[in-house]
Structure formats: structure tokens, C-alpha cells
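Okay, so here's the structure we're looking at.
Quick note: the coordinates plus some simple rules give every number you see, no bench work behind them. Bear in mind the structure is a predicted one, so any value in this text is a computation, not a measurement. When we count neighbours, we look across all protein chains shown, and the Cβ atoms used for this are built from the backbone with ideal geometry, even at glycine.
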């Protein structure tokens with residue numbers, strides 16, 4: 001396994017040295033677009049954090065504003081780049097229907113399990 005894949009500061013791929021793990025190792029993978037069809041069979045169990053478009057944009061903008069120079073620039077980048085990709089992902093993949101567990105996470109301090117039955 002590898003411990004990272006993207007350097008957020010440079011927006012470039014990382015290529016860390018692989019680390020050996022045993023068959024019973026539990027790996028938790030966090031990231032966007034992980035339920036895409038090319039990756040879906042790699043996971044034994046999946047959890048999807050469901051966050052509304054506005055909340056996701058604001059969280060990302062707040063996180064990236066210091067690096068990008070302003071909140072306005074960060075919001076614009078998230079709306080045009082990240083949210084555009086998310087829109088396509090949701091239209092084509094429907095990750096909220098693919099995951100075994102869905103957690104509504106607009107309120108970071110009070111997440112709620114969403115019934116997917």
C-alpha cells in the first residue's frame with residue numbers, strides 16, 4: 001500500500017515507497033470519487049459521507065483559501081473544478097446508492113446515518 005496519492009499544496013501526484021501489510025490489515029481510505037466503477041471492486045466495505053454542494057464548496061474554500069490567496073478565489077476554484085467533477089460523478093456513478101453506509105454530514109458535529117434500505 002501507499003500512504004498518499006496527492007500533494008494538495010502542489011496539486012501533483014505523490015509516489016511514496018510502498019509499505020507491506022498483512023492480509024488481515026484494515027486500511028481506511030479517504031478520498032473523493034472512490035466509488036467510481038474502476039475502483040469499486042477494491043473495497044470490502046464502503047461508507048459515503050453525503051455533504052450538500054454548498055457545504056462542500058464552503059468547506060473546501062475555507063481549507064484552501066490560505067494557500068490560494070483568498071476565499072473568493074478558493075470558492076471559484078471549488079465551484080468550477082471540484083463541484084463540476086462531483087456533478088458528473090453523481091450523474092454517472094450515484095455513490096450514495098453504491099455505498100453500504102451513507103452518513104449525512106452537513107453538520108460536522110452531528111452526523112446522521114441515512115436509511116438506504
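Within the listed set 107, 64, 11, the Gaussian network model of the chain (springs between alpha-carbon atoms below 10 Å) gives the highest mean-square fluctuation for 11. Using a simple spin-label model with pseudo-atoms 7 Å out from Cα toward Cβ, residue 117 and residue 90 lie 2.6 nm apart. Legend: P(r) of the range 35-82 from all alpha carbon pair distances, 10 Å bins from 0, whole percents, reading 25, 34, 28, 13.
Pick from 91, 83, 100 the residue whose mean-square fluctuation is largest in a GNM of the chain, springs joining Cα atoms under 10 Å. Taking springs between Cα atoms under 10 Å, the residue moving most is 91. In the chain, helical runs assigned H by DSSP with n ≥ 4 each contribute -39500 (n - 2.57); averaged across all residues and rounded to the nearest 500, the mean residue ellipticity at 222 nm is -9000 deg cm²/dmol. Name the residue, out of 26, 93, 103, whose mean-square fluctuation peaks in a Gaussian network model built on the chain with Cα pairs under 10 Å. The residue that fluctuates most here is 26.
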